[in-house]
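Data first, discussion second: the structure below is written as structure tokens.
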Amino acid sequence: MRKTVIAGNWKMHMTCASAKEFMETFLPLSKDLPLDRRVIIAPPFTAISSLATILEGTHINLSSQNVHWEDSGAFTAEISPSMLLEHNVRYAIVGHSEPRKYFSESDEQINLRAKSAQTHGLIPIVCVGESLEQRERGEAERVIRRQVEQGLEQTDLSNLVIAYEPIWAIGTGKTCEANEANRICGLIRQWAGFNDLLIQYGGSVKPGNIDEIMSMSDIDGVLVGGASLEPQNFARIANYQAR
């Protein structure tokens, strides 16, 4: 049975002090979650160590926002799997649309990151999604299928999470309609060829739409951006009630 994965990606937000304040409010609000509901926080790298201490023994898992495919070396501004494991990080986001866009990350590099994460005992959250222009040209399915097939090549599908994030819905206030997001997630599962693949939806997820999103048959969780920065909002998302 597929589990639920609720993840908050803080991007370039939160200092160590503000991360601690967040958790002081969030932890009590999320303490009664069902046991099959995983909650993950992906803070900036600077806050990982502080949160590792705060979250020890709790139900919240830590994720990094990226990971390199080498364990060490001359890779300025990158971070290795072993550096993350030292701080009890369990997950690593790879292939997010922002590194793809701003740093020209390729599907091949994303695949290397995902495989390296798994080799070292991390669970990759592999992001895929189309731009507005690609969707309007009718290319969404072709683009996403390529990202899935190349990004997941030679990975263990039982030990990763896919996050479908239509680029045009990230931070724009626009949300892909739940039925359409569900259709795409179903296609991703079909293309991957693994029925138990965990698939999240991401893109302007908020308390007002979480219940509908989580009622969909092929959506196993959400990857949340802006709404994960406010503890009450993210707690409401984590405590969703599927319709």
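The values are calculated or read from the model by the stated rules, or taken from the named source; none is laboratory data. Model, not experiment: these values are computed from the prediction. Heads up, the Cβs are rebuilt from the backbone with ideal geometry, glycines too, and the neighbour counts pull from every protein chain shown.
Brief remarks on what is shown
- Selected residue [within 23 Å of residue 224 (Cα to Cα), in a helix (DSSP H, G or I) and modelled with pLDDT under 95] from 145, 100: 100
- Residues of region 115-155 that are small (Gly, Ala, Ser) and either surrounded by fewer than 20 Cβ atoms within 10 Å (Cβ to Cβ) or under 22 Å from residue 174 (Cα atoms) (or both): 121, 129, 131, 138, 140.
For every residue, the table says whether it meets (1) under 29 Å from residue 24 (Cβ atoms); (2) among the charged types (D, E, K, R); (3) surrounded by fewer than 19 Cβ atoms within 10 Å (Cβ to Cβ).
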| residue | (1), (2), (3) |
| --- | --- |
| 200 | yes, no, no |
| 204 | yes, no, no |
| 212 | no, yes, yes |
| 217 | no, no, yes |
| 222 | yes, no, no |
| 233 | yes, no, no |
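- You will find that of 167, 125, the residue that is among the hydrophobic types (A, V, I, L, M, F, W, C), touching a strand residue (DSSP E or B) at 6+ places or on another chain (Cβ under 9 Å) and in contact (Cβ under 8 Å) with a residue 60 or more places away in the chain is 125 and no other.
- Each residue in region 118-134 was checked for being within 14 Å of residue 69 (Cβ to Cβ), more than 14 Å from the chain's Cα centre (by Cα) and not in a loop (DSSP other than H, G, I, E, B), and 2 pass.
- Residues in region 2-44 that are among the hydrophobic types (A, V, I, L, M, F, W, C) and free of Cβ contacts under 8 Å to residues at least 12 places away in the same chain: 17, 35.
Matching residues to (1) of a type in the set (D, E, K, R); (2) over 23 Å from residue 94 (Cβ atoms):
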| site | (1), (2) |
| --- | --- |
| 176 | no, no |
| 189 | yes, no |
| 193 | no, no |
| 197 | no, no |
| 215 | no, yes |
| 222 | no, no |
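- Residue match in region 140-160 (condition: in contact with a Cys (Cβ under 8 Å, 6 or more places away or on another chain) and either touching a residue at least 40 places away in the same chain (Cβ under 8 Å) or not polar (S, T, N, Q) (or both)): no
- Residue match in region 148-156 (condition: in contact with a Leu (Cβ under 9 Å, 6 or more places away or on another chain), at pLDDT 95 or above and over 19 Å from residue 219 (Cα atoms)): no
- Residue tally, condition buried (at least 18 other Cβ atoms within 10 Å of the Cβ) and more than 22 Å from residue 200 (Cβ to Cβ), over region 65-110: 3
- Pairs where the first residue, in region 196-214, is farther than 15 Å from residue 169 by Cα and the second is among the hydroxyl-bearing types (Ser, Thr, Tyr), C-beta under 7 Å, 6+ apart: 196/158; 199/164; 211/240; 214/240
- You will find that of 193, 221, 173, 202, the residue that is in contact with a strand residue (DSSP E or B) (Cβ under 8 Å, 6 or more places away or on another chain), on the phi > 0 side of the Ramachandran plot and either modelled with pLDDT of 95 or more or not basic (Lys, Arg) (or both) is 221 and no other.
- Condition check for residue 188: among the β-branched types (Val, Ile, Thr), at pLDDT 95 or above and farther than 29 Å from residue 75 by Cα: yes
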